[in-house]
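Working notes, structure below.
The values are calculated or read from the model by the stated rules, or taken from the named source; none is laboratory data. Everything numeric here is computed off the predicted structure, so don't read it as measured data. As a convention, Cβ positions derive from the backbone with ideal geometry for all residues, glycine included, and neighbour counts pool all protein chains shown. Areas reflect the complete protein model, heavy atoms only, side chains present, ligands, DNA and RNA absent. Shrake-Rupley method; radii C 1.70, N 1.55, O 1.52, S 1.80 Å.
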Amino acid sequence: MAVLATLAVCAALATCAHGTVPTTPHAKWYQRKEDIVLTINAACAADRTVVLAPDEFSLSCTDASGRPLRFAFMLREDIKASESACVPTGGVEVCTLVKEDPHWFDRLVRIESELGSHLTVDWTLWREVDDGPETWLDAYDDQLPELDSAEALAAAMAEHEVIVVDVGYRWCSKCSHTPKPFMELARTLKGKAHFAYADARETYELRRLLLADCSHVCQITILKRGENASRVELRSELPENVNMINAFLGPLITPLADKAALKPLRRKNPAVAVAVGLT
């Protein structure tokens, strides 16, 4: 823990204990459907530390001359940290990063300019990947607003009591039928809840907030102000979906001060049950 804490401070200040700015070595990468192979030109001699997290990678060490080296970046998509590893091999570090979900990454680094020319594609081992047809998320273009940041989500929550989001990955085709019932639901409940969509790759900060996944059960995310997000299954029948969303709209019991307060409720709901008590 002490070593990691020291490295964290070193990274924050972009210097190490002896005042030398760490050198960023060159690296190249290629991918297979299940994993990524990253080769870093770092001949580590001492102080070697590798940090592997689902969304983060870093390698720090010093070479034989005492020069500090550091190669670090935030990942575009998650990896299985416990199954990933780096192995020193012939003066380089060969790192195998196992993907959380087997598919083809469109890029490795979350922010493309983060490493610049220090990271290149290993074209000798690269294979062309067919991106395939338009994905199901494309069906929402110009139809619904897209949440593209945590700030956009916070702004929407400040304006709307309930937000309903279809969030997913463009490479995941397991729920390609989702847009039709979701759009029907959005049209039916327009004005009662805010409907939007999000690409879990583009909106990395929202990935965990919106509980994104690529499961066999097609689900949408519902957020009600002041409550935790809920992941619910989207049905094929509109009445079932409407009833599901209605359960999140407004309080289950509304106190009525007088008879006049009943009129707005009757305009919004086809049926209203009233319990009258005497005190």
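Listed by first and then second residue, the pairs linking a residue in the range 68-92 that is at positive phi and in contact (Cβ under 8 Å) with a residue 40 or more places away in the chain to a residue that is open to solvent by 10 Å² or more (accessible area, probe 1.4 Å) and of a type outside the set (S, T, N, Q), with Cβ atoms under 8 Å apart and 6 or more places separating them unless they lie on different chains, are GLY91/ALA43. Of all residues in the range 80-98, those satisfying the criterion of being farther than 20 Å from PRO25 by Cα and either surrounded by fewer than 17 Cβ atoms within 10 Å (Cβ to Cβ) or modelled with pLDDT under 95 (or both) are LYS80, SER82, GLU83, VAL98.
Within the range 148-195, which residues are assigned to a loop (DSSP other than H, G, I, E, B), at pLDDT 90 or above and open to solvent by less than 10 Å² (accessible area, probe 1.4 Å)? Result: LEU189, single match.
Considering only the range 214-229, state which residues are surrounded by fewer than 15 Cβ atoms within 10 Å (Cβ to Cβ) and either out of contact with any helix residue (DSSP H, G or I) (no Cβ under 8 Å at 6 or more places or on another chain) or without any contact (Cβ under 8 Å) to a residue 12 or more places away in the chain (or both). Across the range 214-229, the qualifying residues are SER215, HIS216, VAL217, GLY226, GLU227, ASN228. Scanning the range 22-58 for residues that are open to solvent by 40 Å² or more (accessible area, probe 1.4 Å), assigned to a strand (DSSP E or B) and of a type in the set (Val, Ile, Thr) yields THR23, VAL50, VAL51.
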